[in-house]
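I have placed the structure first, in the form of structure tokens, so that the comments after it can refer back to it.
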Amino acid sequence: MKICFVLNDVETEKVGTSALLMNAAFNRGHEVFAMGVGDFNFHHDGPVSINTTHVPKNTKTKSPKKFLEILQSSKAQKKRLTSKDIDVLFIRNNPTEEESGREWAEQSGVAFGRMMQQEGVLVLNDAYALSHAFIDKLYFEELPESIKPDSLITRSKEDILKFWEKHDKKMVLKPLEGSGGRDVYLIDENEKNVNQIIETISQQGYVIAQEFLPAVKNGDVRILLLNGRVIIKDGVQAIIRRSPGEGEFRSNFTQGATANSSVLTPEMQRIVDLTAPKLIRDGLFFVGLDVVKDKLIEINVLSPGGMERFKDIGLPDFTPMVIEAIERKIDYKEMYKGQLSNQVLATME
């Protein structure tokens, strides 16, 4: 299998979930390529081409860290490929990690992914579903109300202030487009700059006002799903609790949260059960759900991560299972010879 991972930028990639997945695929004998989101090329008279970097065959990579070191060194090889040369395009770039001045990069991976999908490449997650779900939080709002905190999406300051009053002057504000814990504010009755904060976030676009959940002080739980099911290995599930740092209500690792073990409660299983049909229908193969007690607070469809933390808390390596699932999809694709759409392939186990 020839699989290419779309990253923000190969040279700046850190050891995270993408590096773990690339290393797992490489160690299973696959040809693994990496590219930045700016390495697509459209030809009006031919297939889309991509500028890739790859670790040479027969190279020994004992760990994801070593794999990434080689990928970013002079030992790596450069190769231009077309959509006819690869089997899988795994879109893993994270738009929320783009720096100012690279706004062009935010949707490029998904846009070119659609083109390559049309040309017969298996794109994960399904590129058309990602186009719809690009603004993760808006896609999130299509899920059943019973599993979500009360929320409002608007650019009206008046409506946001009414929502604040409704919830006893305690709410969370964040931009519709964005993640990683950036520009996320807890607004309580003591906040004197509420108007200024609303105006600042509104300058970025739509604003999400969300009911504050007191249980968030204990952190949230990230649940990783494959084809709508919790990933499980040797009886252990791919879930991790993210505990916020002292004086912080955000549970993002980028904001200093720490990793702890957790169990899948009946409330969490209910959230998975109610969310899975939509994810499966839309061809969203690899997804992360962020849960606080009995409420889903965010759904990650673009580049769910956290796997690099699993080893630290004694969890097994789940990355081979992700690669095995992709291998089966390629087998199905070969078996049915163009009879199945990318979206159907993306959902098949």
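The values are calculated or read from the model by the stated rules, or taken from the named source; none is laboratory data. Remember, it's a predicted structure, so these values are computed and weren't measured experimentally. Neighbour counts run over all protein chains shown; Cβ positions are idealised from the backbone, glycine included. To get the accessible areas, we keep the full protein, side chains included, count just its heavy atoms, and leave off ligands, DNA and RNA. Shrake-Rupley method; radii C 1.70, N 1.55, O 1.52, S 1.80 Å.
Observations on the model:
- Scan of the range 312-331 for residues that are within 13 Å of Asn23 (Cβ to Cβ) and open to solvent by 30 Å² or more (accessible area, probe 1.4 Å), ordered by number: Asp317, Pro320
- When residues of the range 150-167 are limited to those that are part of a helix (DSSP H, G or I) and under 13 Å from Ile198 (Cα atoms), the one least open to solvent (accessible area, probe 1.4 Å): Ile160
- Number of the exception - Lys65 against (1) in a helix (DSSP H, G or I); (2) open to solvent by 30 Å² or more (accessible area, probe 1.4 Å); (3) more than 28 Å from Arg102 (Cα to Cα): (3)
- So Leu152, is it over 21 Å from the mean Cα position of the chain (by Cα), touching a residue at least 24 places away in the same chain (Cβ under 8 Å) and farther than 23 Å from Phe285 by Cβ: yes
- Qualifying residue in the range 90-99 (condition: in contact with a Ser or Thr (Cβ under 8 Å, 6 or more places away or on another chain), crowded, with 23+ Cβ neighbours inside 10 Å, in a loop (DSSP other than H, G, I, E, B) and at pLDDT 85 or above): yes
- Among the residues making up the range 181-201, those that are over 18 Å from Pro214 (Cα atoms), open to solvent by 20 Å² or more (accessible area, probe 1.4 Å) and in contact (Cβ under 8 Å) with a residue 40 or more places away in the chain are Arg182, Glu199.
- Summed over the range 259-294, residues that are in a strand (DSSP E or B) and over 19 Å from the mean Cα position of the chain (by Cα) total 1.
- Qualifying residues in the range 86-140 (those that are in contact (Cβ under 8 Å) with a residue 60 or more places away in the chain and basic (Lys, Arg)) - the one nearest to Leu302 (Cα to Cα): Arg92
- The set of residues from the range 332-347 being within 22 Å of the chain's Cα centre (by Cα) and surrounded by fewer than 17 Cβ atoms within 10 Å (Cβ to Cβ) comprises just one member, Val344.
- When the range 295-305 is filtered for residues that are open to solvent by less than 10 Å² (accessible area, probe 1.4 Å) and either of a type in the set (Gly, Ala, Ser) or not in a strand (DSSP E or B) (or both), the ones remaining, listed by number, are Val301, Pro304.
- Residue, nearest to Met335 (Cα to Cα), within the range 83-128, restricted to residues that are among the basic types (Lys, Arg) and more than 17 Å from the chain's Cα centre (by Cα): Lys84
- Conditions (1) modelled with pLDDT of 95 or more; (2) assigned to a helix (DSSP H, G or I); number of the one not met by Gln196: (1)
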